[in-house]
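*Asks:* Please see the structure below; I have some questions.
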Amino acid sequence: MTDDPVLGVLRLDYSYQPVLGDVDHPGSFAYKAIYRIVPGLSFEICQSGEITEEIRRNCIDAVRYLDSQGVRGITGDCGFMINIEPLVRDHTEKPVFLSSLDQLPLILTSIGPDAEVGVLTANSKTLHLIEARLDRLAGVVDHSPRIQILGCQNIPGFEAVAKGEKVDTAKVSKGLRDLVGDFLANNDKVKCLLFECTELGVYANEIRLMSGLPVYDAITHCDAFMSGFALDTRFGVQS
């Protein structure tokens, strides 16, 4: 039914206890989400984008499963799944929006030609390796500083993300606020923040409040796509 859209979520091959605001917590969405693990797809492999033939087949099987469940669109629980988006798109006719980084073109065109966006990532070293690809995605030429990458890998407690373990959110929250505060104090052209990591959505509200800036993440990304399938109950035909 158009008024009851279902989101499909591809998952990395690890298990941990997610909290509200994390893509892996079904309560983070105002609509139903169905999950499917891709066996063998680790955080490290997802970052590199170098998947084996076996993982490739597992990914295709996971996509087919989500399709069979009637999902309206497919996302992922790791921002670095941007590396496997072409593979997923080749095996479904549903909209594919695996990474919050896909929002870059719209964000950059909406904040003005001289404004910059701060991209908070689980691992800045790895994201820098695909910086040229991000430039192409966003229509940015010659490594423009309009995309400022900020790594969260050294925040105390954040190492649990890479390990697939439960995160101490109170500990990470303080470190994240300090990191973002210092970053914005030294980058006055940054007018917007984008969270690459799907576990950062937990902290989106407090960063919005402390910075006064718009914050986009995996949840806003999914909501934008899924809203296209939901009936607006305020006006128009309802059935």
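The values are calculated or read from the model by the stated rules, or taken from the named source; none is laboratory data. Just so you know, these numbers come straight off a predicted model, no measurement behind them. Using ideal geometry, Cβ is built from the backbone for each residue, glycine included, and neighbour counts are taken over all protein chains shown. For the accessible areas, the whole protein counts, side chains as well, though only heavy atoms, and no ligand, DNA or RNA atoms are used. Shrake-Rupley method; radii C 1.70, N 1.55, O 1.52, S 1.80 Å.
*Asks:* Could you say which residue among Thr92, Thr75 is part of a loop (DSSP other than H, G, I, E, B), modelled with pLDDT of 95 or more and either within 19 Å of Leu193 (Cβ to Cβ) or hydroxyl-bearing (Ser, Thr, Tyr) (or both)?
*Replies:* Criteria check complete, one pass: Thr92.
*Asks:* Looking at the range 134-158 only, could you name the residues that are at pLDDT 85 or above and of a type in the set (Asp, Glu)?
*Replies:* Hits for the range 134-158: nothing passes.
*Asks:* Inspect all residues belonging to the range 164-171 and state whether any of them is free of Cβ contacts under 8 Å to residues at least 40 places away in the same chain and open to solvent by less than 30 Å² (accessible area, probe 1.4 Å).
*Replies:* No, that holds for no residue.
*Asks:* Can you tell me which residue within the range 1-28, out of those that are in contact with a strand residue (DSSP E or B) (Cβ under 6 Å, 6 or more places away or on another chain) and touching a residue at least 60 places away in the same chain (Cβ under 8 Å), is most open to solvent (accessible area, probe 1.4 Å)?
*Replies:* So the residue we want is Arg11.
*Asks:* While we're looking at this one, here's another question. For the condition open to solvent by 70 Å² or more (accessible area, probe 1.4 Å) and among the small types (Gly, Ala, Ser), what is the one hit in Ala230, Ala185, Ala160, Ala218?
*Replies:* Ala185
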